[in-house]
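Input: a single structure, listed below in structure tokens.
Please treat every number below as a calculation from the coordinates, not as lab data. Only a predicted model underlies this, so the values are computations on that prediction, with no experimental measurement involved. When we count neighbours, we look across all protein chains shown, and the Cβ atoms used for this are built from the backbone with ideal geometry, even at glycine.
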Amino acid sequence: MSGSDDQPLPFEAVHAAPGTRNIRLTLAYDGTDYNGWQVQPDRPSVQACVEQAIRKITGEQRRVYCAGRTDAGVHALGQEANFFTLSRIPAASFRPALQTELPDDIVVVGSQEVPLGFHATFSAIRKRYRYVIHDGAVCPPFLRRYCAHSRFVLDAARMHEATACLLGTHDFRCFEKEYPNKLTSVRTIMDAKVFRCDCWPMWQGTHDWALRPADQQAAAVPDAPFVVFEVMADGFLYNMVRAIVGTLTDIGRGRQPVDYLQTVIQSLDRGAAGMTAVPAGLYLVNVEYPGGDTAV
């Protein structure tokens, strides 16, 4: 979903009491032990933990809005969120204060005060996701929570070539679980690439390896055991990235031709796409807002 000046403000902003403040948080978390971002009955969620921490330090029951409602098991390097409060705690102090009430697998990267009209969801104009696959012979056991493992060696060059058809504005309902979940399944993808990486840098929010052209990345580490898919768009559908990865994996294994991704998009049929990839390899990298403001 992209930002728009005509999006409705949250109830708290419209009916804000004098002295109400809007606090923006940048969060990183290991999503393995959570049933996604959104509060779920009798199941742990990132949102519930953050709202509980806010209640403990401010005494207020507040809803926390996020940029992207990540699914169960999905991680974040730069999730954006905001909440309204009457607390006089300095904006920058919310970061360490909340951290004292949060579990170790949820980290507050930063906190700042923003105008009442800022909405982490509706003000966002672009989001970037990263999916990490390990296709080496032996996947280290301590990575099992943070990447997908492929039993087959993947052709990253073929996968990257296939991503060209993702660029631009398309109806992506073929990659949406239980269509329709949104008012429209049309999205615009500005960047998509597949490349190999040798080790840990893919867990950093920004790094020069992620900014280099894919052909240079592949040339630098042709035998590296990690295959990384990066995609940036104005919004994403439910399970969209994981469905794209499942289709790209079929292409990387040679089960489908390079142009198969284009065929799937044109079909508008979820049944034509590949399996939904496991959540462990998916990361919300960062979120951008008007003026070039980004989380990481």
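General remarks:
- Scope segment 274-291; condition surrounded by 24 or more Cβ atoms within 10 Å (Cβ to Cβ) and not in a strand (DSSP E or B); matching residues: Gly281
- Scope segment 47-79; condition surrounded by fewer than 21 Cβ atoms within 10 Å (Cβ to Cβ) and among the aliphatic types (A, V, I, L, M); matching residues: Ala48, Ile57, Ala72
- Members of segment 241-273 found to be crowded, with 21+ Cβ neighbours inside 10 Å and of a type in the set (S, T, N, Q), listed by number: Thr247, Thr249
- Restricting segment 35-46 to residues that are surrounded by 13 or more Cβ atoms within 10 Å (Cβ to Cβ) and free of Cβ contacts under 8 Å to residues at least 24 places away in the same chain leaves a set whose member that is nearest to the chain's Cα centre (by Cα) is Ser45.
- Subset of segment 80-97 that is part of a helix (DSSP H, G or I) and hydrophobic (A, V, I, L, M, F, W, C) - its residue that is surrounded by the most Cβ atoms within 10 Å (Cβ to Cβ): Phe94
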